[in-house]
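Some notes on the structure that comes next.
The values are calculated or read from the model by the stated rules, or taken from the named source; none is laboratory data. In this text, all values refer to a predicted model and were calculated from it rather than measured experimentally. Here the Cβ positions follow ideal geometry from the backbone for every residue, glycine too, while neighbour counts run over all protein chains shown.
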Amino acid sequence: MEKNYFLRDAMSKLDKMNDQYTVVGFLGRVHGLNGLNYLIKSKKYNPVAIFTHSIKASFEDIERKIRPDYAEYVRICTENKIPLYPIDRKKDLAIVDKVLAKLKPDFIVAISWRLLIPKRHLEIPKYGGVNLHRGKFPEYKGDFPTERALEAREKEVYITAHILNEEIDGGEVLITERNPVNYDESVTFKENVERIKKEITPQFGPLLIKSLDLMVEKYENR
């Protein structure tokens with residue numbers, strides 16, 4: 001990708017939309033796509049750059065093939081003239097340094113992001129950052145929260161919106177959404193997990209917007 005071109009495009013977008021809150025997204029999987037679509041539709045929050053994972057994690061695929069959702073990120077960002085940057089390894093964080101330093105967004109948001117966002121990035125946005133995690137706090141912080149919740153025979157799974165800090169899945173909880181498990185004994189454990197992930201996907205966008213509204217309110221009332 002022509003990263004310089006995209007950065008110029010981001011600055012142009014920033015100038016035209018200066019009456020909105022600017023957002024840089026660290027977004028992965030279909031959950032992140034749902035969040036991105038809601039940001040695009042929002043009249044209040046303006047996505048000025050998106051980072052995503054273009055290849056699968058090593059635990060998913062030892063060959064690290066292209067993620068199935070990556071083409072959709074490319075399509076949506078291209079259509080909406082949003083700069084898109086694939087970030088797959090720690091060395092790619094140099095790109096993040098450059099983009100965040102240039103754009104100085106109001107917010108950063110993270111959904112299904114598999115790399116730790118370092119302190120130097122968290123200190124840049126004016127209003128801070130929000131992460132949406134597919135699990136209840138504190139019981140299901142960390143990896144594979146849906147799988148662990150089903151193994152524990154929980155009756156509900158949660159999406160937790162919380163303030164980003166240096167700790168993985170740390171920070172104050174802002175708001176949660178719940179979804180019934182309705183475990184189906186006639187299908188496999190994996191099929192139950194995948195069904196639930198699909199069921200909760202539409203909740204990510206609305207929850208993201210609500211959590212950003214809460215962050216604005218917290219900032220203005222402090």
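Assorted remarks:
- Selection count where residues are exposed (fewer than 15 other Cβ atoms within 10 Å of the Cβ) and more than 19 Å from the chain's Cα centre (by Cα), scope the range 154-178: 2
- Odd one out for Trp113, checked against (1) surrounded by fewer than 21 Cβ atoms within 10 Å (Cβ to Cβ); (2) within 19 Å of Gly205 (Cα to Cα); (3) touching a residue at least 60 places away in the same chain (Cβ under 8 Å): (1)
To keep it simple, each residue is scored yes or no on (1) closer than 19 Å to Phe107 by Cβ; (2) touching a Lys or Arg at 6+ places or on another chain (Cβ under 7 Å); (3) in contact (Cβ under 8 Å) with a residue 60 or more places away in the chain; (4) of a type outside the set (Ser, Thr, Tyr).
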| residue | (1), (2), (3), (4) |
| --- | --- |
| Gly170 | yes, no, no, yes |
| Arg195 | no, no, no, yes |
| Thr201 | no, no, yes, no |
| Gly205 | yes, no, yes, yes |
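- Listed here are the helices (runs of 4 or more DSSP H) enclosed by the range 63-165 that have at least 3 residues being closer than 24 Å to Val48 by Cβ: 70-79, 93-103, 119-122.
- Whenever a residue of the range 75-100 is more than 12 Å from Phe26 (Cα to Cα) and polar (S, T, N, Q), its partners that are modelled with pLDDT of 95 or more and outside any strand (DSSP E or B), lying with C-beta atoms within less than 6 angstrom and at least six residues away or across chains, give the pairs Asn80/Ile40.
- Within the range 12-49, being part of a helix (DSSP H, G or I), modelled with pLDDT of 55 or more and on the phi < 0 side of the Ramachandran plot holds for Val30, His31, Gly32, Leu33, Asn34, Gly35, Leu36, Asn37, Tyr38, Leu39, Ile40, Lys41.
- Residue in the range 180-188 that is at pLDDT 95 or above, under 22 Å from Asn46 (Cα atoms) and not hydrophobic (A, V, I, L, M, F, W, C) present: no
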